[in-house]
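Below: the structure, in structure tokens.
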């Protein structure tokens, strides 16, 4: 949620108040410790005077000189304005102390205005350096906060981008999956198969999964396996006895995966393994989990006319989703040996 300008101003005031009060208290204790018999009242008034000009100087240097000149790479103007600014701040600081503050708590002879402007050495060490030191600490803090905010903003943008892309990928995958399933049921209806009613029942379960689980970020592996079994039952109605499914589940350690992840691989196995032949087809599916990883494998026949199984909406879509869900954390191996196609996916168990 974006912050309003009022909230930003409030946060800025709180940040600066905390910082400057902390710096002021630190300066009081430091100056008090440097003197054997300090006059606390006098030290306090001098520190307040320096503190006021530290706040003015730090905000001027950061908000105007650095943001508008240094960051715009106008280095010459930045240097000129910086030197001129700290000189003017030092003079104003000394004028304020000599003519406005000191008469309230001490009875010192007042310096001449000419001396205030021309005594550069005294001006530098007693008035300009306190402003510069406070400004340096303040500006360092602001850069650290800016770096943190920019990093958080970049992470948030990346997260939002990933979420939008995932939604687009799921929106692309679900109709594709549904289209193939409806084609299967249509094939059964054309042949007048009595299995149509059973297939509609399985499709109902699949649609329920797509609607109520497909848009989640992650689902339990057990739920994904249940819908895979529904899909297999739907496919078995099509292929009768010539299709053999060997499914092994060793999921002693429960975990979560992106919805439709395993199902998409299974769908590809049927598409490229069972649809392309009239002979006997064996598809092997395995899911194993341990304390750290989940390993999913699918093995199906591969026929010479359909060797290009790396392309298409299915696997390409899944690769992109894996990159978003598990950046540099997953392993996907695709092998083609002895006219068989094998996929092994290993993901962190979350």
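The values are calculated or read from the model by the stated rules, or taken from the named source; none is laboratory data. Quick caveat, the model's predicted, so the values are computed rather than measured. Backbone-built Cβ (ideal geometry, glycine too); neighbour counts: all protein chains shown.
Structural remarks
- Across the range 61-70, the qualifying residues are those that are in contact with a helix residue (DSSP H, G or I) (Cβ under 6 Å, 6 or more places away or on another chain) and in contact (Cβ under 8 Å) with a residue 24 or more places away in the chain, and the one among them that is surrounded by the fewest Cβ atoms within 10 Å (Cβ to Cβ) is 62.
- Within the range 93-110, restricting attention to residues that are without any contact (Cβ under 8 Å) to a residue 40 or more places away in the chain and surrounded by fewer than 17 Cβ atoms within 10 Å (Cβ to Cβ), the residue that is nearest to residue 135 (Cα to Cα) is 95.
- Yes/no for residue 202 being in a helix (DSSP H, G or I), surrounded by 14 or more Cβ atoms within 10 Å (Cβ to Cβ) and at pLDDT below 70: no
- Residue match in the range 3-17 (condition: surrounded by 13 or more Cβ atoms within 10 Å (Cβ to Cβ) and modelled with pLDDT under 80): no
- The residues of the range 55-89 that are closer than 15 Å to residue 142 by Cα and not in a helix (DSSP H, G or I) amount to a single one, 71.
- Within the range 294-321, the set of residues being farther than 29 Å from residue 242 by Cα and modelled with pLDDT of 85 or more comprises 294 only.
- Test: residue in the range 280-289 that is modelled with pLDDT of 80 or more, surrounded by fewer than 19 Cβ atoms within 10 Å (Cβ to Cβ) and in a loop (DSSP other than H, G, I, E, B): yes
- Residue list for the range 90-134, filter: outside any loop (DSSP other than H, G, I, E, B), out of contact with any helix residue (DSSP H, G or I) (no Cβ under 9 Å at 6 or more places or on another chain) and either over 20 Å from residue 54 (Cβ atoms) or not assigned by TED's automatic domain parsing to the domain that holds residue 50 (or both): 103, 114, 118, 121
- Residues in the range 206-244 that are modelled with pLDDT under 80, in a helix (DSSP H, G or I) and under 42 Å from the mean Cα position of the chain (by Cα): 206, 207, 208, 209, 210, 211, 212, 234, 235.
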